[in-house]
Amino acid sequence: MLRCAASCMNKPSKSRIRQSFERAAPTYDSAAAIQRHICAELAAGLPAINPARILDAGCGTGHAQTALQARFPAAHAIALDLSSAMLHRVSAPCGRIAGDLEHLPLADASLDLYWSSLAVQWCDLATVLHEARRTLRPDGLLALASLGPETFRELRHAFAGVDAYRHTLAFHSLEEIGQLAAAAGFATVGLKKDQKTAHYADLQTLLRAVKAIGANQIGDGRRPGLMSRSTFQRAEAAIETLRTPAGLPLTYDVITLYARP
């Protein structure tokens, strides 16, 4: 049994997520170095396949489209995102759909590759995986990158002694993702965890970078108003205890999953 079912993973409302990424669309690419690296590693791990129809689920500004279309030039590519502003920045030739990963506007068994890099953490993962299973053909492939519980642990450390509010999303563990995939009808091909770390000059720069990629929505339990200067200074002092020669660290606990129906 799962330690934390998808229903207990508090998420921001869809409208708040959409608004956040609408605002982040102009700044996303300039702040998304780690996101691009994770995308490249997800692509490198793909097995030998020849898909005719590919979905990039939660495509953002479409960075993955370049790699996917270079590798599968004959495939029909579909880019889907909740944010129309993100979709407008997709430059690669592909179909574009403004839509929700939990309710895909696609027919059953219509995809050969369901690809999603750093998008499903904003969703009810059980629902997303069932939709992926529904839309994949029997010989199709799921390629997924999400984030685990150690993600942004430095922010939790910074605010642990400052207030009782939540400052990060709740993330599924590696084991939970594997179990949810199995419950959706997938057979795991590969499941692994890796950590990436970004570094910033100070807390203010770190928080601006998180906002620039649209990752500053956290759902229930968030601070209802603006942070006071004294609160910020205490959080700043706490996170400074984690400083490295490269700067203040920010961890991405990356979980990748390859699975077949």
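The values are calculated or read from the model by the stated rules, or taken from the named source; none is laboratory data. Just so you know, these numbers come straight off a predicted model, no measurement behind them. Heads up, the Cβs are rebuilt from the backbone with ideal geometry, glycines too, and the neighbour counts pull from every protein chain shown.
Look at (1) over 14 Å from residue 255 (Cα atoms); (2) modelled with pLDDT of 95 or more and you find that residue 143 fails only one, number (1). Among the residues of segment 138-181, those that are part of a loop (DSSP other than H, G, I, E, B) and under 24 Å from residue 226 (Cβ atoms) comprise 152, 160, 161, 162, 163, 164, 165, 166, 167, 168, 169, 170.
All conditions in (1) closer than 27 Å to residue 195 by Cβ; (2) of a type outside the set (Val, Ile, Thr); (3) touching a Lys or Arg at 6+ places or on another chain (Cβ under 6 Å) hold for residue 79, with the sole exception of (1).
Residues in segment 23-67 that are over 14 Å from the mean Cα position of the chain (by Cα), of a type in the set (Val, Ile, Thr) and over 20 Å from residue 110 (Cα atoms): 2 in all. Evaluation of residue 41 against the conditions (1) closer than 21 Å to residue 209 by Cβ; (2) of a type in the set (D, E, K, R); (3) touching a helix residue (DSSP H, G or I) at 6+ places or on another chain (Cβ under 6 Å) shows that the sole unmet condition is (3).
Taken as a whole, the structure places residue 217 among residues that are under 21 Å from residue 117 (Cβ atoms), touching a residue at least 60 places away in the same chain (Cβ under 8 Å) and among the polar types (S, T, N, Q).
For residues that are surrounded by 14 or more Cβ atoms within 10 Å (Cβ to Cβ) and among the aromatic types (Phe, Trp, Tyr), scanning just segment 158-192, find the one that is farthest from residue 257 (Cα to Cα). Among them, the one singled out is 159. Put simply, of 154, 176 the only residue that is over 22 Å from residue 78 (Cβ atoms) and in contact with a Cys (Cβ under 9 Å, 6 or more places away or on another chain) is 176. Of everything in segment 91-110 that is modelled with pLDDT of 95 or more and among the small types (Gly, Ala, Ser), the residue that is farthest from residue 124 (Cα to Cα) is 95. Please verify whether residue 206 is buried (at least 18 other Cβ atoms within 10 Å of the Cβ) and within 29 Å of residue 114 (Cα to Cα), treating the condition exactly as stated. Criteria not met by residue 206. Of all residues assigned to segment 121-139, at least one qualifies as being β-branched (Val, Ile, Thr), more than 18 Å from the chain's Cα centre (by Cα) and at pLDDT 95 or above.
Does residue 96 fit the bill of being at negative phi, of a type in the set (Lys, Arg) and surrounded by 15 or more Cβ atoms within 10 Å (Cβ to Cβ)? Yes; evaluated as a whole, the condition is true for this residue.
Taken together, the residues in segment 17-39 that are loosely packed, with under 15 Cβ neighbours inside 10 Å and assigned to a helix (DSSP H, G or I) amount to 4.
Scanning segment 231-248 for residues that are within 23 Å of residue 164 (Cα to Cα), among the polar types (S, T, N, Q) and not in a helix (DSSP H, G or I) returns a single hit, 241.
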